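Working notes, beginning with the structure itself.
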Amino acid sequence: MKPWFLRKLLIAAGCLASAQALAAGNILIWPIDPYLDADAKAAELWIQNQSDTATTMQVRVVGWQQLQGHEKYQPQQDVVASPPIVRIEGGGKQLIRLIKQNVVPPGQEQAYRIVVDEIPQPVDERKPQMGLRLQMRYSIPLFSYGAGMETFSAASNHANTEPAKLSWQVKNENGQSTLQITNRGNVHARLSNVSLRQGSQKRVLTDGLMGYVLPNSQREWPLPASFTRPDQMSATINARSEQWQSSPVN
């Protein structure tokens, strides 16, 4: 896997966290929240081609970490996609199996990203080409669980984070303020509908998914220049009580 691939991952699923499928262009992908519980040997991912012409897709699974507040991806073989390359006829769909090849340690959650690339079809030089030909990339989170981790197949959240183990603060470096969220729990936190309050002012950071904070990790997001000292944050998270409100840590 080439380094440029790891540097340029696009998180295409971010704005569609509440939907059951990821749709962009002529491609429909579901589910957008696959996971592997401790007893599962594989999970399913479906790709549907909604156009009239065939398309070729490549599916890869990369390791996902958060280091120094930023996303990091790396090659791995703990979970593999089968088949890794598929040709889907117009109007057709294809099942991809996400096969677990390792045993996750008890009480742990491991994070991955499923990266689906549309491979451009050969160009017929005899026909005039109109506009740009764009290669689509989709990135979907995948979590795998060890023994003793509780998951919920029929619930809106397949795993619950612990709000008491989440905290946040504002960092100011080189004239840039960032929101740093820390997760000290053993389950990822999915943050959406995030807003900050500073005195009598309220600022909505996102109406949809803002991102994830992995277990025992930190994640940072830039803040507006006028919001450098917020005193309250509200967000929707994957927990039994989906609303999280908190003051910053000192």
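The values are calculated or read from the model by the stated rules, or taken from the named source; none is laboratory data. It should be emphasised that the depicted structure is a prediction, and the values quoted were computed from it without experimental measurement. Note that we place each Cβ from the backbone using ideal geometry, even for glycine, and neighbour counts take in every protein chain shown. Areas reflect the complete protein model, heavy atoms only, side chains present, ligands, DNA and RNA absent. Shrake-Rupley method; radii C 1.70, N 1.55, O 1.52, S 1.80 Å.
Our estimate of slack between GLN176 and SER226, defined as 0.36 nm per intervening residue step minus the Cα-Cα distance, is 16.9 nm. Summarising the amide proton neighbourhood of ASP78: residues at separation of 5 or more, or on other chains, whose placed amide H is nearer than 5 Å comprise an empty set.
The distance linking region 160-222 with region 73-107 is 30 Å (Cα centroid to Cα centroid, whole angstrom). Ligands, DNA and RNA are left out, and with a 1.4 angstrom probe the accessible area of the chain is 54 Å² per residue.
Each Lys or Arg adds one and each Asp or Glu subtracts one; over the other residues with Cβ under 13 Å from the Cβ of GLN218, this totals +3. Residues considered: PRO215, PRO105, PRO34. Largest GNM mean-square fluctuation over the chain, using C-alpha springs under 10 Å, is found at PRO105. From the coordinates of this entry, Rg/Rh (Cα atoms, Kirkwood Rh) is computed, and it appears in (i) 1.05; (ii) 0.98; (iii) 1.00 under the label (iii).
Taking label points 7 Å from Cα along the Cα-to-Cβ direction, GLU44 and ASN26 give a separation of 2.5 nm. Taking all protein chains together, ARG229, ARG190 sort by accessible area into ARG229, ARG190, largest first [probe 1.4 Å]. Split the accessible area of the chain by element, probe 1.4 Å, and carbon with sulfur accounts for 48%.
Our summary gives the chain a relative contact order of 18 percent, counting only alpha carbon pairs under 8 angstrom and 6 or more residues apart.
Spin-label pair ASP52-SER195: with each label point 7 Å from Cα along the Cα-Cβ axis, the two points sit 4.6 nm from one another. Between ILE99 and ASN157, the simple spin-label model (points 7 angstrom out along Cα→Cβ) gives 3.4 nm. Computing FRET efficiency as 1/(1 + (r/R0)^6) for LYS202 and GLN77, where r is the C-beta to C-beta distance and R0 is 41 Å, gives about 0.35. Near TRP46, the amide H atoms lying under 5 Å from its own belong to TRP30, ILE96; only residues 5 or more places off or on other chains count, and H is placed 1.01 Å from N. Consider a paramagnetic label point 7 Å from the Cα of GLN121 along Cα→Cβ; state which residues of region 81-103 have an amide N under 11 Å from it. In region 81-103, the label zone of GLN121 (backbone N under 11 Å from the point 7 Å along Cα→Cβ) covers 88-91. Taking all protein chains as shown and a probe of 1.4 angstrom, HIS70 keeps an accessible surface of around 100 Å².
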